[in-house]
1. Quickly rank 394-405, 425-436 as a protection proxy: mean count of other C-beta atoms within 10 Å, highest first.
2. Ranked by Cβ crowding within 10 angstrom, fewest neighbours first, how are 239, 255, 57, 282 ordered?
3. Who wins for biggest fluctuation among 89, 338, 175 in a Gaussian network model of the chain, springs between alpha carbons below 10 Å?
4. Need the C-alpha centroid separation for the stretch 303-317 versus the stretch 231-280, integer Å.
5. Divide by every residue of the chain the summed helix terms, -39500 (n - 2.57) for each DSSP H run of at least 4, and state the resulting mean residue ellipticity at 222 nm, rounded to the nearest 500 deg cm²/dmol.
6. Would you mind calculating the relative contact order of the stretch 143-277 from Cα pairs under 8 angstrom and at least 6 residues apart, reporting the percent as a whole number?
7. What shape does the stretch 232-390 take by its C-alpha gyration tensor, where a ≥ b ≥ c are the square roots of the eigenvalues and a/c under 1.5 counts as rounded, a/b above b/c as prolate, and the rest as oblate?
8. Under 8 Å for C-alpha pairs, at least 6 residues apart: give me the relative contact order for the chain, rounded to a whole percent.
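Throughout, read-outs are computed from the coordinates displayed, never taken from laboratory work. This one's a predicted model, so the numbers in the text were calculated from it and none came from an experiment. All Cβ positions, even for glycine, are placed from backbone atoms using ideal geometry, and neighbour counts span all protein chains on display.
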C-alpha cells in the first residue's frame, strides 16, 4: 500500500480521500486542506486525479477552440496541494474495497507506455467521489473512433491542436474544412460560437479565405437547442448562431459516425472533416464496478440527501457523478457546475463534524440560481432561478456575459483566495492586451 504523494505531511488524524479534481473535488480538498493545515492530529486530505491540472469545466470549450490559453487557465494539482495543505496523488480510480476502506488506483504509464507507478491502494476513513461526467454516445457506432470529445483538459487541448492543423491545411492548400458538432446543449452551442470567433480572428492574422471555406454544423436530435433552457432562449440562441454562419439542424438523429462524416437516421451522410460528440451525459464506467455501490443507467452513483451513497455511509458522491432526486422532485438534479459547487460547499461545512464527532450530514438543499450560456464575444443568455426578487426572468447581452465571467472568477477566488484570485483576473486582462486572443502556436 502506497500512501505518499505531493504535499504529503505527517498526521495521525483521520484520512479524507477525495477522488476527482473537478469543480467539486478540488473545492473540497482546497477548503478542508486549508482548514486543517498545521493543526496537530487534524485529518489528512488527499486528492486523487488522473490528470496533472484542473480547468474549470464550463471553460473547456474555449480551450478546445483555442480562444483561451490552456497554460494560463489551468491550476496544477501539485502547486494547489502545496498552497492549500492537501496531498495530491496522481492516478486513476480502478476499484474499491469497502470492507478494508481502500481505493484501488490503476498503474500510471508514460505516453510511450513505460510503467511509472504500479497499481496501488489508498486508505480512507471517509471517501468523496467527485469524478465528474462525460458525453454519452448511447452506443452509436463509430463515435469512439471518429469523434473528438472535450470532456477533459487533455481532450480539449487535443481537439485544439487538431483544429489548428486542419485550418493550416485549409488555408495553405485552399481545401474546404467542415466541422460537425453533435449535441445542442450548452457545450455544443458554446463550442460552435467559439469556433466562429477563432475563424474570424485567424483571418485577421492573415488566414485569408478561411471563413469562406469553413462550415460549422450543429446537430441536435431534439426539437430545439438548449432543451433545459426556456423556449425563448433556445429560439434566440439558434437565431444568433445562424446569423454567425453556423448551420443548425434540430430533430436530426445520428445513426453512426464515419471517417468521412456522420450517417444520419434518414440514411443521408453529413460530410465533415472533424466531428465532435457533445451529446448526452454519463458518469465514468468505473463507478458501476465499485464493490456493489448502486448506480443508475447513466452510471451515476445513487445518493441520499446527505450525499452519502445508498449502500455505504462512509462513501459520498457529489457533482456530475452523483444522482440525487430531492423530495418532491421527479428527476435527479442536473449535472451542472452550479450543483457541483453547492454540494461541495455542503460537505465542506459538515464533514469536519462527521470526522470529529461522528455527526451526520444534514440533507442537501439546492438553490436554483438559473443557467447561463455564452456565445463567445458575440452574445450571452441567462435564465434566472426562482428565488428572491427574481422569478425566472431572462437576461441577455453584456449583463449575461458579465454574469458568466463572474462565475469563473468566483471559482478562482474559492481556489486561490480573494486577493490572489483578483491578481489572476488582472493577469488575464494584461495578457489580453499583450498577447494574441487565439492560440497561434
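1. Descending packing order for the listed peptides: 394-405, 425-436.
2. Numbers: 239 11, 255 15, 57 24, 282 20.
Ascending number of Cβ neighbours within 10 Å: 239, 255, 282, 57.
3. Looking only at 89, 338, 175, the biggest GNM fluctuation is shown by 175.
4. Spelled out, the Cα-based centre of one part sits 38 Å from the other.
5. On the way: 12 runs with 150 residues, N = 441.
The helix-only estimate for the chain comes to -10500 deg cm²/dmol at 222 nm.
6. Numbers: 214 pairs, mean separation 41.0, N = 135.
That works out to 30 percent.
7. Working: a/c = 2.99, a/b = 1.61, b/c = 1.86.
Oblate, since a/c reaches 1.5 and b/c is not below a/b.
8. Numbers: 895 pairs, mean separation 69.6, N = 441.
Contact order relative to length: 16 percent.
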